[in-house]
Amino acid sequence: MKKYCLSILFYCIAAVPCFSQMCQTQGALIRAVSINAAGYPEITWAFSFTTDATRIGHLVYDYLGGAACSNLIGETDLLTNVYTHTAVPLPLTGPRSYTVAYKTATEPGPLTRQHAYSFLQAAYDSCTYAIALQWTPYEGWDGAVTYNVYGGTQGDPPVLWTTGHTATSYTLVNVPDNVSYDIYVVAVHPTDASITSASNRVTVETKTAQRPLSMSISSIEYIDDAVTLQFAIDPTTRLSTFHLTRSDRIDGGYIPIHTFSDKTLTTFTDAPVKSRYYYRLTAENYCRIEAVQGNPWQNIPMTMEAREGAWHLTWHADYLFSWLNIMVPPPYTLKRLQPQPATLLSQVFDTTYIDAVDLSNAELKYCYRVEGVLGLAVSATEVCQTYRPQMIMPDAIAPNSVVQNPATGRQRNQFGPIVYANPTTYRYRLEIYTRNGDLIAAIEKKEADLPTDKSWTGMNRNGSPVQEGVYLYNVQLIYTTGQTETHTGAVTVVYE
């Protein structure tokens, strides 16, 4: 191979400006220098349509070791605009610069500007589970060059990871174990996106075999303010530090509530719990960094409210924002566990249910269980309470109306406490006053009396109808269990 500068040695020795001009003349002939699929540099230049009969081909040169002048490595005819440098040693260990000159019948023409492809290097960090990429900038184009990063598992077509990247580094995070990636970078011309240059391809293997292949919660039971979780961890993992974490929101804020190293541990109880939480398993690698996270799972809080002779059940499954946030989706299975026998009440998409209470037995304890399923995992909640009788007071009376209210069993001319309990389990004394504080009526109900028989019908103590207006009342309720309730308020008398 001959030295181009030797052919013009006289010029290079005679004057430095001549040396500089002949050894590297600024030009725009080269379009790109890439690394082809076989790993060899490939120089591409623009076609030149010329009437200069002295031009008969192209000469291709490279630069080695920072040399001021170039080495002739090959030539092509005038109609060929690509040259592959197959004589370069493989694998490449760094970038190389190339120039092109016209071949004439007498002497070579001036060289183009040097062009160097981007040389890519990659390293896998087994502690952070990330692949760090760095490459040399493409040299030879004027303006800001951008880069596209491509990668894929071996045997699969590469996909675009990022485009329009301006830096000469990129980090791929959360990569899985035991995967081989093929990666390369493509430089894009600052003003013509059709002109690109590909870097060398690198293969990165993420073979650490540290992280568990599976780590999942299989069930969550929320009973008596305690959440009991069952879970499983891949027994073949080499990791030995695991955390059970929880948060009050799905997207972050998880804190460890239990740390363990026994991979055979399968249960944990979190208590006391008064709210809705998300739970997630995590594993810690040898660098004390969170290596992997399990899927978040959620308990389903359920409340029991005694109202109007029934249990009003409400549970929460967190689909307040969007369907993407559903952790335990409908349908939900609702069962009454007590009083026995256990009864399936519903399999519904709703998150509420009303169950009537047996008012004849105030000592009964009621227990309910709601379940939701996602895949093979179950989230269940159980709540238990003993029904407490309730009393409400109407706010009006129509002394001349006998229309019955089906909800209370009273006529509109009957005013008195409405108690959701067996009538034989309570007694009361009801007193009616004028706004001046004068007592105008007093009614007493014994355990053997019916409430509808012991109501105020709008009469004063003399048996005369009272005038329309607002009156005050005081009622004291006493249950056979010894429990008492006292209510005061106002009632409006209206004649229809």
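Between MET393 and ASN462, the distance separating the two model label sites (each 7 Å from Cα on the Cα→Cβ line) works out to 2.6 nm. From a point 7 Å beyond the Cα of THR408 in the direction of its Cβ, which residues of segment 465-496 have a backbone N at a distance under 13 Å? So the set is 490-494.
Where does each of 33-40, 398-405 land if you order them by average Cβ count within 10 Å, highest first? Each step should come with its number before you reach the end.
Numbers: 33-40: 17.1, 398-405: 13.2.
Packing order, densest peptide first, comes out as 33-40, 398-405.
Of the residues THR54, TYR471, SER218, the one whose Cα sits farthest toward the positive end of the charge dipole of the chain, with +1 on the Cβ of Lys and Arg and -1 on the Cβ of Asp and Glu, is THR54.
Between ASN400 and ASP355, what FRET efficiency follows from the Cβ-Cβ distance if R0 is 35 Å, with the result rounded to 0.05?
Working: r = 38 Å, r/R0 = 1.10.
For ASN400 and ASP355, the calculated efficiency is 0.35.
The modelled label-to-label distance for the pair LEU79/ALA132, using points 7 Å beyond Cα in the direction of Cβ, is 5.2 nm. Can you give the net charge of the other residues whose Cβ lies under 12 Å from the Cβ of ALA87, counting K and R as +1 and D and E as -1? In short, 0.
Note on THR106/ALA193: beta-carbon distance plugged into 1/(1 + (r/R0)^6) with R0 of 51 Å gives a FRET efficiency of 0.85. What residue among PRO389, TRP141, ASN361 has its Cα farthest toward the positive end of the dipole of the chain, where the charges are +1 on Lys, Arg and -1 on Asp, Glu, each on the Cβ? Sorting the options by dipole projection puts first TRP141.
Give me the net charge of GLN404's neighbourhood, meaning all other residues with Cβ under 14 Å from the Cβ of GLN404; Lys, Arg count +1, Asp, Glu -1. Walk me through the numbers before you get to the answer.
Details: positive: ARG410, ARG412; negative: none.
After counting each charged neighbour, the total is +2.
Let me know the charge dipole size of segment 184-238 about its Cα centre in debye, to the nearest 20, where only the beta-carbon of Lys, Arg (+1) and Asp, Glu (-1) is charged. Walk me through the numbers before you get to the answer.
On the way: 4 positive and 6 negative charges, 103 e Å.
So the magnitude is around 500 debye.
Mind sorting THR84, THR492 by how few other Cβ atoms lie within 10 Å of their own Cβ, fewest first? Walk me through the intermediate numbers first.
Working: THR84 16, THR492 13.
With the sparsest Cβ surroundings first, the list reads THR492, THR84.
Label-to-label distance for ALA37 and THR480 is 9.2 nm, based on points extended 7 Å past Cα in the beta-carbon direction.
Just from its helices, what would the mean residue ellipticity at 222 nm be for the chain, if runs of 4 or more DSSP H residues each count -39500 (n - 2.57) and the sum is divided by every residue, rounded to the nearest 500 deg cm²/dmol?
Numbers: 2 runs with 14 residues, N = 496.
After summing the helix terms and dividing by the residues of the chain, the value is -500 deg cm²/dmol.
As a length-normalised measure over Cα pairs under 8 Å and 6 or more apart, the relative contact order of segment 215-298 settles at 34 percent. Once C-alpha pairs closer than 8 Å and six or more residues apart are averaged by separation and normalised to the residue number of the chain, the relative contact order reads 8 percent.
The fraction of Cα-Cα pairs per 20 angstrom bin, counted from 0 for the chain, comes to 17, 25, 20, 16, 12, 8, 2, 0 percent, rounded to whole percents.
Put in order of Cβ neighbour count within 10 Å, fewest first, the listed residues VAL357, VAL466 become VAL466, VAL357.
How big is the charge dipole of the chain about its Cα centre, in debye rounded to the nearest 20, if each Lys and Arg gets +1 on its Cβ and each Asp and Glu gets -1 on its Cβ?
On the way: 33 positive and 43 negative charges, 71 e Å.
My answer is approximately 340 debye.
Less than 18 Å from a label point 7 Å out along the Cα-to-Cβ axis of GLU305: which backbone N atoms in segment 253-283 qualify, by residue? Label zone hits: 275-276.
Would you be so kind as to identify which of LEU160, ALA123, PRO190 lies farthest towards the positive end of the dipole of segment 82-233, taking Lys and Arg as +1 and Asp and Glu as -1 on Cβ and the Cα centre as origin? Result: PRO190, furthest along the dipole toward the positive end. The Cβ shell under 13 Å around THR352 holds other residues with a net charge of -2, Lys and Arg each +1, Asp and Glu each -1. Remark: segment 62-140 carries a charge dipole of roughly 60 debye about the Cα centre, counting +1 on each Lys and Arg Cβ and -1 on each Asp and Glu Cβ.
Each reported figure results from applying straightforward, stated rules to the coordinates on display, with no laboratory input. What you are looking at is a predicted structure, and each value in this text was computed from that prediction instead of being measured. Using ideal geometry, Cβ is built from the backbone for each residue, glycine included, and neighbour counts are taken over all protein chains shown.
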